[in-house]
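Student: Provided herewith is a single structure, encoded as structure tokens, for subsequent inquiry.
The values are calculated or read from the model by the stated rules, or taken from the named source; none is laboratory data. Please read all numbers here as calculations on a predicted model, not as lab measurements. In this analysis, Cβ positions are derived from the backbone assuming ideal geometry, glycine residues included, and neighbour counts consider all displayed protein chains.
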Amino acid sequence: GIEEGEFRDRAYLSLPGHQEELIQAVAETGTPVVVILVGGSAITMQNWLQKVPAILDVWYPGDEGGNAVADVLFGDYNPAGRLPVTFPIDVAQVPLYYNHKPTGRGDDYVNLSGKPLYPFGYGLSYTHFNYSDLQIDKTTINTSESATVSCTITNTGNFNGDEVVQLYIKDEYASVARPIMELKGFQRIHLKKGESKTIIFQVTPDILTMLDKNMNRIIEPGDFRILIGTSSNDIRLRTTVTVE
């Protein structure tokens with residue numbers, strides 16, 4: 001029932017009609033319930049989130065959507081999707097996105113956190129993954145060189161599953177305002193329970209470039225933070241590479 005699209009912006013991000021009342025009424029009966037969201041944009045959930053044990057966002061799943069949802073709900077498939085947008089707690093936080101530029105002020109409000117409800121890159125699984133053993137072959141490079149970063153991912157849960165390992169980079173200091181972090185790569189891997197795998201990312205000149213004040217694409221000398229995690233708000237491993 002959500003109307004959305006180009007030139008069809010929504011002033012309210014809550015579910016339309018009486019859907020929130022329906023969720024609360026079903027939850028109050030004590031019946032185990034999973035809320036399935038069908039739509040193409042962020043949805044606010046503060047009125048009912050704490051009353052349900054699980055939420056499945058299926059976006060616009062197509063003809064096989066019903067079978068896909070059933071596979072997830074009955075445990076025949078272990079989900080590993082990641083949010084391509086940020087979900088706010090309240091519509092008053094909009095616009096809210098992970099790669100904003102420094103604001104020079106605190107991100108929190110007087111009466112609300114500045115953090116999102118669910119950040120960019122977020123997604124749960126029926127299992128759990130551990131990140132460890134971060135390695136980098138060169139901590140100092142020139143503008144034409146690359147560095148190799150690796151880490152070990154271990155499935156520490158009880159189910160086989162996929163993990164989406166995300167690489168973010170933060171330019172510590174630049175001549176123009178730069179995003180506080182930027183997604184520069186990701187790898188989706190399948191691990192059996194108890195299995196470990198080494199993930200390798202290449203920090204190349206291409207992902208370190210920026211546009212200067214004259215709109216020229218350059219690589220400025222300085223420190224770049226290398227951040228590896230499971231979402232933009234859950235960074236597990238950190239290191240630094242310096243460009244000379």
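Student: Which ones in segment 152-199 are farther than 30 Å from residue 72 by Cβ and assigned to a strand (DSSP E or B)?
Tutor: 169, 170, 171, 182
Student: Being closer than 13 Å to residue 167 by Cβ, in contact with a Leu (Cβ under 9 Å, 6 or more places away or on another chain) and either surrounded by 13 or more Cβ atoms within 10 Å (Cβ to Cβ) or in contact (Cβ under 8 Å) with a residue 60 or more places away in the chain (or both) narrows it down to one of 184, 197, so name that one.
Tutor: 184
Student: Related question: It is to be established whether one or more residues within segment 4-20 are part of a helix (DSSP H, G or I), more than 23 Å from residue 74 (Cβ to Cβ) and either touching a residue at least 12 places away in the same chain (Cβ under 8 Å) or not β-branched (Val, Ile, Thr) (or both).
Tutor: yes
Student: Among the residues of segment 75-97 satisfying the criterion of being at pLDDT 95 or above and aromatic (Phe, Trp, Tyr), which is farthest from residue 14 (Cα to Cα)?
Tutor: 77
Student: Further, regarding this structure: Starting from residues that are under 24 Å from the mean Cα position of the chain (by Cα) and surrounded by 15 or more Cβ atoms within 10 Å (Cβ to Cβ), keep the ones in segment 129-146 and report whichever is nearest to residue 221 (Cα to Cα).
Tutor: This residue is 136.
A quick yes/no check of all residues on (1) basic (Lys, Arg); (2) in contact (Cβ under 8 Å) with a residue 60 or more places away in the chain; (3) at positive phi:
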site: 115; (1), (2), (3): yes, yes, no
site: 128; (1), (2), (3): no, no, no
site: 131; (1), (2), (3): no, yes, no
site: 137; (1), (2), (3): no, no, no
site: 141; (1), (2), (3): no, yes, no
site: 147; (1), (2), (3): no, yes, no
site: 153; (1), (2), (3): no, no, no
site: 170; (1), (2), (3): yes, no, no
site: 174; (1), (2), (3): no, no, no
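Student: Shifting gears a bit: Just need a number here: residues in segment 71-98 that are touching a residue at least 40 places away in the same chain (Cβ under 8 Å) and over 17 Å from residue 112 (Cβ atoms).
Tutor: Qualifying residue count, segment 71-98: 9.
Student: To continue, here is another question. Is segment 37-49 home to any residue that is surrounded by 15 or more Cβ atoms within 10 Å (Cβ to Cβ), more than 20 Å from the chain's Cα centre (by Cα) and not in a loop (DSSP other than H, G, I, E, B)?
Tutor: For segment 37-49, residues surrounded by 15 or more Cβ atoms within 10 Å (Cβ to Cβ), more than 20 Å from the chain's Cα centre (by Cα) and not in a loop (DSSP other than H, G, I, E, B): absent.
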